[in-house]
Amino acid sequence: MGCSSAANLDGDGGETDSDALGGFASGDSLSASQGDSSGNDGTSAASGGSYTTGDDPGSESTSGTSELPAPPSDEPAPSDEKDPQNVPEDDVCSGDQVTAWRLAARDPDAMSSPAHAREAMLGQWPSLVSVEIRPWEFLNYYTFAYPLAPPGQLLAGAQLRKSQDDLGDIFELQVAIRGPELAEADRAPVHLTLALDNSGSMEGKALELLKSAGHVLAAELRAGDTVAVVSWNEADPPLLPVTMVTGPNDAKLLKAIDGFTVGGSAELTQALSAGYAQADKAYVPKDINRLILISDGGATATQDDLEEMAKRAGDVANKTGVHAIGVGVGDPGLYRSGLIDAIGVAGAGPSIYVGSAEAAQTQLGERFLSLVGLTASSVDVRVTLPPGLELLSESPADTEVVGPDQVTAAPTDNSVIHRRLRPCVGDLDMSTTLQVELHWVDAVSGEQKQTTAEWKLIELLSGDTAWLQKGEAVLAYATALRAIQYFAGDTGAIDRAWERLEAAKKALPGDPELAEIGQVLAALQEP
């Protein structure tokens, strides 16, 4: 994966606006100046052709603490990148020089890690042995109800809170990218192909949850949508050829799901071949075309598989790709996330884990529009800091940059990025402005768009910080999970997570997700 050069941040005409919720703004469609990039699109394979995932040590800061060392990882961590046209020659933070950064955002659709951790810790035999803790996924999984964007746009937002760490004053910054509101009645027709893993390891709970997931998806379809169902054995005939459903819970679809059995050969390569064959028959250029692969993660994605999914997911103007969605199912102690994560990254679709029927309803039902929908691709997030502030980079200097092509935005969904800033002057001018600029490509039309928002520091510091404090609690919780997993006996991270959780609860009383986090933290402390 190669480094990408940041584009010119001197936008020529982005409309600027803000409101009182910490700071949010949207802009009209403009011609975006896109950055040059080199290297691939973020899809990587470990030796032997199998895809592996790791952690993002640069995304898990919590205020007032010394950070735990990151465990080993095979996946390059993202690194924020300074705009080369806006860097002082001496590269030293000063009181008279603005600095612009292109943030190394990660794909907001990946969210299997927190769901896996939750099921693993709240089950009968609590254990994190089989769970990969990826802190950046936790911000994807939990809800941050920032304002929705206008139709056809993205919404840029920021919240800022003054804090301290061991070295002195810092500012916690949370940047949000929100998609537009989309009612179920207004969505485009959906064309789904379900590829169901029929390997022997799916027997038992995995098969039960696969069918629960299928039923939830069936309930979300409407008349005019199409669906097909295949197994992971190309030689098997389709369980359901491409069929236009009569509405929610179509009888033919439910019969195909309920009649599905496991056994025999099951390979991802064959699943893709069988799945795309049906997806091609149902394909409509401007509609929503998705291949959903449901598995316990027991297979391997080869480099050829990854390349095929990436090629099929390619969007061009007025001709959307067939994005692949990875749905992991099964007992949390047996489930392996690598395959599902690989499908999500290469296929440019969500990767989720379903460990219960309730989780299937939440992630596949309540979030159906953001699961299958896509508003924007190649989302590029840029932040310009006022004089006297510097961005704290917590990734090693030689880590590789994750390019913008990996980042997408879905309707009704949001992406949250958390960073820390440090003042480098004694008297920081609070009347100076912080700017967030978004560049993206409309997923259907292929049109390049941008929006710019800016706020005075004093406005952000006096504004609402509730969602920022939830972000801090979520990241502190992820850090605690990883501390117990890799540094058994170190309970300091749990104490810090409780501290951030209690602060977030005061800001957001009654938030059910914060209560759930408290349940898992309590389970971590049980002997």
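Beyond 24 Å, what percent of the Cα pairs of the stretch 404-518 remain? Summing the P(r) of the stretch 404-518 above 24 Å gives 49 percent of all pairs. Once divided by 2.2 N^0.38 Å, the Cα radius of gyration of the stretch 203-345 becomes 1.01.
Scoring 270-279, 289-298, 342-351 by mean Cβ neighbours within 10 Å over their residues and listing the highest first yields 342-351, 289-298, 270-279. Packing order of peptides 475-485, 250-260, highest average first: 475-485, 250-260 (average count of other Cβ atoms within 10 Å over each peptide's residues).
The heavy atoms of residue 93 offer some 40 square angstrom of accessible surface to a 1.4 angstrom probe.
Computed over protein heavy atoms with a 1.4 angstrom probe, the accessible surface ordering of 244, 309, largest first, is 244, 309.
Rolling a 1.4 angstrom probe over the stretch 246-382 with all protein chains present gives an accessible area of which 52% lies on carbon and sulfur atoms.
A P(r) calculated from all alpha carbon pairs of the stretch 135-200, with 10 Å bins opening at zero, reads 14, 27, 29, 16, 10, 4 percent. Set against the 2.2 N^0.38 Å expectation for a compact globular protein, the stretch 456-519 has a Cα radius of gyration ratio of 1.25.
Remark: for residue pairs 211/252; 252/286; 205/255, the C-alpha separation exceeds 24 Å in 252/286. The value for the stretch 330-395 of Rg(Cα) / (2.2 N^0.38 Å) is 1.63.
Along the stretch 141-152 the Karplus relation, 6.51 cos²θ - 1.76 cosθ + 1.60 evaluated at θ = phi - 60°, assigns HN-Hα couplings of 6, 7, 8, 10, 7, 5, x, 6, 7, x, x, x Hz to successive residues, with x for each Gly and Pro.
Counted over the stretch 89-159 with a bin width of 10 Å, the fraction of Cα pairs per bin, in whole percents, is 15, 29, 24, 22, 9, 2. Across the stretch 408-424, coupling constants 3J(HN,Hα) worked out from phi with the 6.51/-1.76/1.60 Karplus curve, θ = phi - 60°, read 10, 9, 10, x, 6, 9, 9, 10, 10, 10, 10, 9, 10, 10, 10, x, 10 Hz, and Gly and Pro carry x. For residue 420, the solvent-accessible surface computed with a 1.4 Å probe is close to 10 Å², ligands and nucleic acids excluded.
At the listed q of 0.10, 0.14, 0.17, 0.23 Å⁻¹, the Debye profile of the stretch 158-264, built from one uniform point per Cα, gives log10 I(q)/I(0) equal to -0.47, -0.65, -0.80, -1.21.
Most tightly packed first, judged by the mean number of other beta-carbon atoms within 10 Å of their residues, the peptides 164-177, 444-457, 502-515 read 444-457, 164-177, 502-515.
The values are calculated or read from the model by the stated rules, or taken from the named source; none is laboratory data. This is a predicted model, so every value here is computed, not measured. Methodologically, a virtual Cβ is constructed for each residue, glycine included, from the backbone with ideal geometry; neighbour enumeration extends over all protein chains shown. The accessibility values were calculated without ligands, DNA or RNA, using every heavy atom of the protein model including side chains. Shrake-Rupley method; radii C 1.70, N 1.55, O 1.52, S 1.80 Å.
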